[in-house]
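The structure appears right after this line, and notes come after that.
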Amino acid sequence: MSTASTRPTPTVLPALLAATLLAAIVASAFGQARAADGFAPLFHAGDTSVLVVEDLLPHVKALLSSRALRQAVQTGAVGGLVTAREGRVVDPAEWSDWLDRRRQWLPEQVAVGASEAGFADLDTLLKGLATADLLERTAAGRPEDVSLAADRTKLRQIALAELRQVRVPGLRVYARFRTAEDAAAAFGLMKDWVLGPDPAALPRGVTAELKGADTLAVHVAVGDLIGEDTAILATLVRAQLLDPATDGEAAARQAVTAVRAVSAEVSVERIGPGLLLTAGPSAAGGAAGVTAGGADLPAAVGQPDARTLAWARWDISRLKAAATGWVKLHEEWVRSTAYAEALREANAPPPGAVTPGAAESGPAAGGTVLDALRFAAARVRALPPVGAARAWVGADGSAVRWATVAAASPAPAPEP
């Protein structure tokens, strides 16, 4: 079974969506005709969740030329503020010229691909950050508090266990520019920024090299970047992840070994008019090319066209399972001495006032990363595990509409 829904929203939503996703991009009229040089052959079979933002430039330019926007910035309270600031009556169409002068840096399409393995790595990273945050917030706690000391010992054990598994979440990002020359210019700027005038002057633990003329690979070894074992130990102690007085020498050795195992690999490849950024091994995710139908949308959502702003297709079963774990982690610690101490240090409401449900009302309910995880979990669990969506501009250009399709998950995440 599948369900679809459409509804109008203000036309400013495309710009807000683009800013939130850090992507600005283009009309899918190009997408179908130019599939050969798009993201589909470059993403891998394991990239089961894909978000694509199409060309926003034509829609933004249409908005800037609209009578409604011109009236808004030239009349009324908003118009008065704009005129007072600029010292003259402003015509929004002027901003269209500013965009045209920078159009070479505005991709026609940006696609982001994520895998189940990437979601698992993200889960590990976030749980590690949540425990590290509680440790940092309780560092100035009362040393005579036996319960707090026991909580901190357990938190360090959890943080160390997560540290042993930390990997940079795998991700692919493809940006298709308007011409191959534009892509080459963007690649050149990125190459010059990373390599600098002397690649040998990069910090210890960081290596960057050109593989041929069109691929830049960067590798970071976190342990080498920090320095010798003594420097790593000092960093762990400052971060409250290690207490030599109570954790012992064996735990210290394990922590240093875990840090030495953490590394990050990122590559950028120029392919025709596009740039492909890969976080993690470039060959990860199985065979190259998205799975059958992976670049297409269900009929209930519709295919990308010239009015499409963005579309997505996902399988987040692993992420939903992780969200269930975030809820359990929150419930485990929300009434702990460490959590109460963290709230006290932050002058937040007392722990009795923060119930598990309260954290779902906003990321700042308790002020900790743990609370933010609980808030994020509620949003993730509200999504269908497998589905697709598309957003587009209405025929008259006055509203943004979207449709979503939810499919049955082959492995639904358990609900507590």
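The residues listed here are Gln254, Gln240; of these, the one that is in contact with a helix residue (DSSP H, G or I) (Cβ under 8 Å, 6 or more places away or on another chain), crowded, with 18+ Cβ neighbours inside 10 Å and not hydroxyl-bearing (Ser, Thr, Tyr) is Gln240. Only one entry of Asp198, Asp296, Asp247 meets the criterion of being in contact (Cβ under 8 Å) with a residue 12 or more places away in the chain and of a type outside the set (Gly, Ala, Ser), and that entry is Asp247.
Looking at this structure, is Leu216 farther than 23 Å from Leu202 by Cβ, of a type in the set (A, V, I, L, M) and crowded, with 18+ Cβ neighbours inside 10 Å? Here the answer is no, as Leu216 does not meet what is asked. Out of everything in region 361-416 that is small (Gly, Ala, Ser), assigned to a helix (DSSP H, G or I) and at pLDDT 90 or above, what residue ends up being farthest from the chain's Cα centre (by Cα)? So, considering only residues that are small (Gly, Ala, Ser), assigned to a helix (DSSP H, G or I) and at pLDDT 90 or above, the one farthest from the chain's Cα centre (by Cα) is Ala378.
A quick yes/no check of all residues on (1) modelled with pLDDT of 85 or more; (2) over 28 Å from Ala407 (Cβ atoms); (3) out of contact with any Leu (no Cβ under 8 Å at 6 or more places or on another chain):
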{"residue": "Thr6", "(1), (2), (3)": "no, no, yes"}
{"residue": "Thr9", "(1), (2), (3)": "no, no, yes"}
{"residue": "Pro58", "(1), (2), (3)": "yes, yes, yes"}
{"residue": "Ala68", "(1), (2), (3)": "no, yes, yes"}
{"residue": "Trp105", "(1), (2), (3)": "yes, yes, yes"}
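Would region 200-222 turn up any residue that is within 28 Å of the chain's Cα centre (by Cα) and assigned to a helix (DSSP H, G or I)? There is at least one residue in region 200-222 that is within 28 Å of the chain's Cα centre (by Cα) and assigned to a helix (DSSP H, G or I). Kindly evaluate Ala175 against the criterion of being surrounded by 13 or more Cβ atoms within 10 Å (Cβ to Cβ), in contact (Cβ under 8 Å) with a residue 40 or more places away in the chain, in contact with a Leu (Cβ under 6 Å, 6 or more places away or on another chain) and part of a strand (DSSP E or B). Judged against the criteria, Ala175 is a match. Screening Ala288 on (1) crowded, with 18+ Cβ neighbours inside 10 Å; (2) of a type in the set (A, V, I, L, M, F, W, C); (3) within 30 Å of Val52 (Cβ to Cβ) shows it passes everything except condition (1).
Among residues of region 260-287 being of a type in the set (D, E, K, R) and assigned to a strand (DSSP E or B), the one that is farthest from Glu181 (Cα to Cα) is Glu265.
With respect to Glu162, is the statement that it is crowded, with 19+ Cβ neighbours inside 10 Å and part of a helix (DSSP H, G or I) true? Yes, satisfied.
Being of a type in the set (A, V, I, L, M, F, W, C) and either buried (at least 19 other Cβ atoms within 10 Å of the Cβ) or touching a Lys or Arg at 6+ places or on another chain (Cβ under 6 Å) (or both) is a description that does not apply to Leu233.
The values are calculated or read from the model by the stated rules, or taken from the named source; none is laboratory data. Please read these numbers as outputs of a predicted model, since none were measured by experiment. A quick note on method: Cβ atoms are made from the backbone with ideal geometry, for glycine too, and the neighbour counts reach across all protein chains shown.
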